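Structure first, then comments.
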Amino acid sequence: MSDHNLKDPRKIYPAPPFPDQPQRAPGLARRMDPRPDHGEQSYRGSGRLTGRKALVTGGDSGIGRAAAIAFAREGADVAIAYLSEEEADAREVVSLIEAEGRKAAALAGDVKDEAWCRKLVAKAVSDLGGLDILVINAGRQQYRDKIEELSTEDFDKTLKTNLYALHWIAQAAIPHMPAGSAVITTASLQAYQPSPILLDYATTKAGIVAYTKALAKQLIERGIRANVVAPGPVWTALQPSGGQPGEKVKNFGKDSDFGRPGQPVELAPVFVLLASSEASFINGEVYGVTGGKGVA
Ligand code: NAD
Ligand code: MG
């Protein structure tokens, strides 16, 4: 990010219109045009997470990938969880983590499955030799124009991915996490300003905020903090793979104060702060990175 010091933040990244680029869910970051900036070239660490051990769900692409890269550059070992269809994106992240001399673990599986969630945590703990940063970030977003089109199957998949998995993964992980650890969840601006075409998704994002705030109050009794990041429009594979209609993808981020979407790397400093012991008095908070829309 430091390359962009003293530059107008509206002008440092691509702005719409973007090319038409439909993908099937889960989308791949490597197929996006322009390619998102997850910090591959730009994020510079300064030892803020030295020796820490992190699990990041959805760490193959988008916001989770930016967090995974930043954590490794700050000195943490990182396990990423993702779907098997995303192996190509995940391999790139593993290489980037290893290039920092940190340990990487690649854990492919479906978080809609409770048994996998528990296994995933156990594998992360054994591969990394412990766990003290938990980022629950995997998400499903599939727009439906009308209430009649939002099937029970859709509703179930979105709640399983965005809410049940949050509970299953947190429940399995917390017993392994020592005092000083941090939990970070990814909600959305949608929790506060829901779109008409995202009934199920917006509902889960409001749920993530409530769950994390309640969890924060419970976990501080063990010396563990929990906070929420609430992004606005961010240029990730979630959007062209059914998250938004094609026309909205084309103009993605146009209505932010910046006239452009955020890039995943622009979320990374917030994840690093919330994970680090510098955030020692920050708990149960919602950090908006919305491009000016605000979460309150
Ligand atoms: P992304 O597609 O790059 O990341 C989402 C990840 O979720 C995928 O990479 C995938 O690995 C994982 N995932 C989805 N379903 C899964 C399943 N069943 N099992 C295992 N993993 C699964 O997109 P992103 O935008 O980086 O999304 C990350 C988080 O950010 C999500 O929670 C999303 O809701 C949230 N968010 C995104 C935006 C945005 O504009 N991109 C805005 C607000 C919130
Ligand atoms: Mg992905």
Open item on the list: Just to be sure I understand the filter: pairs with C-beta atoms under 7 Å, separated by 6 or more residues or on different chains, first member in the range 31-52 and among the β-branched types (Val, Ile, Thr), second member surrounded by fewer than 21 Cβ atoms within 10 Å (Cβ to Cβ). Which pairs pass?
Closed with: Thr50/Gly75
Task: Leading residue by the ranking (modelled with the lowest pLDDT) among those in the range 1-49 that are surrounded by fewer than 19 Cβ atoms within 10 Å (Cβ to Cβ) and of a type in the set (Ser, Thr, Tyr) - done: Ser2
Task: Lone unmet requirement of (1) of a type in the set (Gly, Ala, Ser); (2) closer than 24 Å to Ile136 by Cα; (3) at pLDDT below 95 for Gly58 - done: (3)
TODO: Mind listing whichever residues of the range 140-188 are assigned to a helix (DSSP H, G or I), buried (at least 16 other Cβ atoms within 10 Å of the Cβ) and of a type in the set (Ser, Thr, Tyr)?
DONE: Thr158, Thr161, Tyr164
Open item on the list: Quick test of your reading of the structure: Leu83 fulfils all but one of (1) loosely packed, with under 15 Cβ neighbours inside 10 Å; (2) under 18 Å from the mean Cα position of the chain (by Cα). Name the failing condition by number.
Closed with: (1)
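Okay, residues lined up against (1) within 16 Å of ligand 2 (Cβ to nearest atom); (2) charged (D, E, K, R):
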residue: Pro194; (1), (2): no, no
residue: Val209; (1), (2): no, no
residue: Leu215; (1), (2): no, no
residue: Glu221; (1), (2): no, yes
residue: Pro231; (1), (2): yes, no
residue: Gln239; (1), (2): yes, no
residue: Lys254; (1), (2): no, yes
residue: Gln263; (1), (2): yes, no
Open item on the list: Tell me the residue from Val93, Val56, Val78 that is assigned to a helix (DSSP H, G or I) and buried (at least 24 other Cβ atoms within 10 Å of the Cβ), please.
Closed with: Val93
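What are the residues in the range 194-213 that are out of contact with any strand residue (DSSP E or B) (no Cβ under 9 Å at 6 or more places or on another chain) and either over 29 Å from Pro245 (Cβ atoms) or part of a loop (DSSP other than H, G, I, E, B) (or both), if any?
At the first step, the residues of the range 194-213 found to be out of contact with any strand residue (DSSP E or B) (no Cβ under 9 Å at 6 or more places or on another chain) are 194-204, 206-207, 210.
Selection gives Pro194, Ser195, Pro196, Ile197, Leu198.
Specify the residue that is farthest from ligand 1 (Cβ to nearest atom); the eligible residues are those in the range 48-70 that are in contact with a Ser or Thr (Cβ under 7 Å, 6 or more places away or on another chain) and closer than 17 Å to Val228 by Cα.
First, pick out the residues of the range 48-70 that are in contact with a Ser or Thr (Cβ under 7 Å, 6 or more places away or on another chain): 48-49, 61-64.
Retained after the next criterion (residues that are closer than 17 Å to Val228 by Cα): 62-64.
Numbers: Gly62: 2, Ile63: 4, Gly64: 6 Å.
Checked the range 48-70; the qualifying residue farthest from ligand 1 (Cβ to nearest atom) is Gly64.
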Open item on the list: Just the residues that are out of contact with any helix residue (DSSP H, G or I) (no Cβ under 8 Å at 6 or more places or on another chain), crowded, with 16+ Cβ neighbours inside 10 Å and not in a helix (DSSP H, G or I), please, taken from the range 264-284.
Closed with: Ser276
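Run down Tyr211, Tyr201, Tyr192 and say which single residue is more than 25 Å from Gly27 (Cα to Cα), within 12 Å of ligand 1 (Cβ to nearest atom) and aromatic (Phe, Trp, Tyr). So that I can check it myself, show each step before the final result.
Details: Tyr211 fails: within 12 Å of ligand 1 (Cβ to nearest atom); Tyr201 fails: more than 25 Å from Gly27 (Cα to Cα).
Step by step, each of Tyr211, Tyr201, Tyr192 is checked, and only Tyr192 is more than 25 Å from Gly27 (Cα to Cα), within 12 Å of ligand 1 (Cβ to nearest atom) and aromatic (Phe, Trp, Tyr).
For the range 105-123: of the residues being small (Gly, Ala, Ser) and part of a helix (DSSP H, G or I), which is farthest from Trp168 (Cα to Cα)?
Let us first name the residues in the range 105-123 that are small (Gly, Ala, Ser), namely 105-106, 108-109, 115, 122.
Pick out the ones that are also part of a helix (DSSP H, G or I) and you get 115, 122.
Details: Ala115: 9, Ala122: 12 Å.
Ranking the candidates gives Ala122 first.
Do we have Leu49 as in contact with a helix residue (DSSP H, G or I) (Cβ under 6 Å, 6 or more places away or on another chain), more than 16 Å from ligand 2 (Cβ to nearest atom) and within 20 Å of Gly180 (Cα to Cα) here?
Numbers: in contact with a helix residue (DSSP H, G or I) (Cβ under 6 Å, 6 or more places away or on another chain): yes; more than 16 Å from ligand 2 (Cβ to nearest atom): yes; within 20 Å of Gly180 (Cα to Cα): yes.
So Leu49 fits the description; yes.
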Open item on the list: Here is a list: Ser188, Ser151, Ser181, Ser195. Which entry is under 30 Å from Gly51 (Cβ atoms) and either hydroxyl-bearing (Ser, Thr, Tyr) or without any contact (Cβ under 8 Å) to a residue 12 or more places away in the chain (or both)?
Closed with: Ser181
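The values are calculated or read from the model by the stated rules, or taken from the named source; none is laboratory data. In this text the structure is predicted, and so the values were computed from the model without any measurement. We place every Cβ from the backbone using ideal geometry, glycine too, and count neighbours over all the protein chains shown.
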